[in-house]
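Here is the structure we will look at.
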Amino acid sequence: MNNKNKYMPVMLAVSVVLGIFIGTFYANHFSGNRLNIINSGSNRFNNLLHIIDDQYVDAVNIDSLVEKAIPQILVELDPHSVYLTAKEVEISNDDLKGSFSGVGIEFVIREDTIRVQNVIKNGPSERAGLLAGDKIVTIDDSAFVGKKVTSQEAMRRLKGPKDTKVKIGVQRFGQKDVLQFTVTRGEIPQRSIASTYMLDDHTGYIRIKNFGETTYAELLVSLTTLSQQGFDNLVIDLRDNTGGYLDRAVQIANEFLPKNKLIVYTQGRKSPRQEYRSDGHGSYQDIPLVVLINEGSASASEIFAGAMQDNDRATIIGRRSFGKGLVQQQIEFNDRSMIRLTIARYYTPSGRCIQKPYEAGRESDYEQDLVSRYEHGEFFSSDSIKHAGPAYHTGIGREVYGGGGITPDIFVPEDTTNMTSYYKQAAMSGLILQFAFTYTDNNRLKLNNFKEMTELADHLVRQNTVEKFAQYADGHGLKRRNLMIQKSHKLLERYINSRIIYNMLDENAWHRYINQDDPVIIEALRIFKENASFPKLAPKDKEEKEPKVALGKPNKYEPLLSPSRRFPRSVALRVACASS
């Protein structure tokens, strides 16, 4: 018997087995039963989509289905792993880039119409002739008023590639006809430093809104400006700074630390420990420094504050920070959408991870954390702060805590002494913002005469804007309450006038105004006066270990938490001086 005949039975057996397997596969496929493939395979999600596409009773947009499913998958991981559509990626990147291409205006939407709030100096709209107070009614010869006017749609129509043109029609106060302007879009700078000025003859102040591409360069300019004015002390205000780029926080921390000090390190399951240390080239290693934080300070701002605290380089004043200690990597898809996937945690020099606790899949609880803190009393007493995890120690041995943000060295409570339900409703309803813009618009010619914050503030006090607001609010659904208005008069006056100042001048003037009697600023100045900005090891008794509570004026004018993805967009009752 030859070799071919010898192996024939084996070949026949194998053929029969393969035939049975293939027949079973196709039978199951055409009968709609492929669960055996799904349950045995590791690529269940793709298999499920193929089944839906192949057999579902109606036509299905698979791309749309995937776009809805991905966020639901990521939310099961942690609160900061997210999916962004291509459009959301563009908007998000604009917040941190040094510039974007557009027409160069700040606007608000009132009564279904775009109102120009500010025209950026030397920007495309100013060169074309637009003015603050103009009402935009047409874009590219098409009417743009009514219910279709949303911030997103307005941004879509006004932004565009550099050197492209957009035709804008406006109604201007005192003019009957619609005025037409052709604006050539250009690069609009995005400033991450909102304010730089001298608090007194010796103390410089810098407010950083986020850590973007140009933040470090902006900081160097701000420090040079303050140096020319002879500053000896420095306040860096990170309140409501929702973060940004890690490397920018490291660069800025490097300016204030001596050589080889650990700034932060990151570590994850697939991400080996990576340390970031100072190089000793910082120009401000010895200047007395105070850093201000609150519950809106997150991510990169917590990296900076934690580095200053753990290296005993600065005194931290304010309230406990947000508690975001997760590091995301951006992974882009072909359609320019992306996921931001958490790949590591970051740790302060003492070794603490400041990420607050979270439970996977319970996103709403995480986003309500600041409201829970408020209701628990943490905004009003340091004794209400709940520390998760053990104590750590700074370079000189001071106790610090992780597991939920940076706890300040000096706690300044939020005050509600003159808060009333009338004030809360006026602020939270948006009526104060609406009135402030309407008042600005109606009195713009007169208000243009005031170029300095103090002059404008004094003028507004004489105008009794609180009474004017009460009349306006009464006609817009908020019933007048004379006793409550009297009790909250100072709060109302500060909030109303601050918004008018913002509308007429700029963000720097706004900060100068609200900082005048801010108790956190007052506490910082006290620390400098007592030469106490460099922390010292406190006595070991229990009372000295707890954060000190600042005396002085209570904080009535705290801004709202700045909006940010995955952060709560408002905190109940934290309403004064909110940005529109």
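Figures for the structure shown
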quantity: Carbon + sulfur, % of accessible area of the stretch 180-306 - ligands and nucleic acids excluded, 1.4 Å; calculated: 44 percent
quantity: Among the listed pairs Lys68/Lys356; Lys87/Lys121; Lys356/Lys490; Lys324/Lys468; Lys135/Lys487, those beyond 31 Å (Cα-Cα); calculated: Lys356/Lys490; Lys324/Lys468; Lys135/Lys487
quantity: Share of carbon and sulfur in the accessible heavy-atom surface of the stretch 107-156 [1.4 Å probe, %]; calculated: 48 percent
quantity: Paramagnetic reach from His459 in the stretch 112-127 [backbone N under 18 Å; point 7 Å along Cα→Cβ]; calculated: 117-119
quantity: Additional length obtainable on full extension of the chain from Met428 to Tyr284, 0.36 nm per residue less Cα span; calculated: 47.7 nm
quantity: Lys176-Gln368 FRET efficiency (beta carbon distance; Förster radius 41 Å; 0.05 resolution); calculated: 0.20
quantity: Projected area, mean over directions - the stretch 381-437, Cα convex hull, nm²; calculated: 6.7 nm²
quantity: Förster radius 25 Å - calculated FRET efficiency between Asn448 and Gln516 (Cβ-Cβ, nearest 0.05); calculated: 0.60
quantity: Sulfur and carbon atoms: percent of accessible area, the stretch 427-478 [1.4 Å]; calculated: 47 percent
quantity: Lys148-Lys529 FRET efficiency (beta carbon distance; Förster radius 41 Å; 0.05 resolution); calculated: 0.15
quantity: Under the Karplus curve 6.51 cos²θ - 1.76 cosθ + 1.60, θ = phi - 60°, whole-Hz ³J(HN,Hα) for the stretch 509-522, x wherever Gly or Pro sits; calculated: 5, 4, 5, 4, 5, 6, 7, 4, 10, 5, x, 5, 5, 4
quantity: Inter-label distance for His387 and Glu76, nm, one decimal - labels placed 7 Å from Cα along Cα-to-Cβ; calculated: 3.7 nm
quantity: Chain lengthening between Ala86 and Ile51 when straightened (0.36 nm per residue, less Cα-Cα); calculated: 9.9 nm
quantity: Charge sum, other residues only, whose C-beta stays under 13 Å from Val145's C-beta, Lys/Arg counted +1 and Asp/Glu -1; calculated: +3
quantity: Where labels lie 7 Å past Cα in the beta-carbon direction, separation of Lys121 and His376 in nm; calculated: 4.5 nm
quantity: Label point distance in nm, Met198-Lys468, each placed 7 Å from Cα along Cα→Cβ; calculated: 3.3 nm
quantity: Difference of contour (0.36 nm per residue) and Cα-Cα distance, Ser64 to Arg277; calculated: 72.2 nm
quantity: Inter-part distance where the stretch 357-423 and the stretch 275-305 are each reduced to a Cα centre, Å; calculated: 20 Å
quantity: Heavy-atom surface of the stretch 64-184, accessible at 1.4 Å and reported per residue (Å²); calculated: 52 Å²
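The values are calculated or read from the model by the stated rules, or taken from the named source; none is laboratory data. These numbers come from a predicted model, not from an experiment. So basically every Cβ, Gly included, is an ideal-geometry build from the backbone, and we count neighbours across all protein chains shown. Just so you know, the surface numbers come from the protein's heavy atoms only, side chains and all, with ligands and any DNA or RNA stripped out. Shrake-Rupley method; radii C 1.70, N 1.55, O 1.52, S 1.80 Å.
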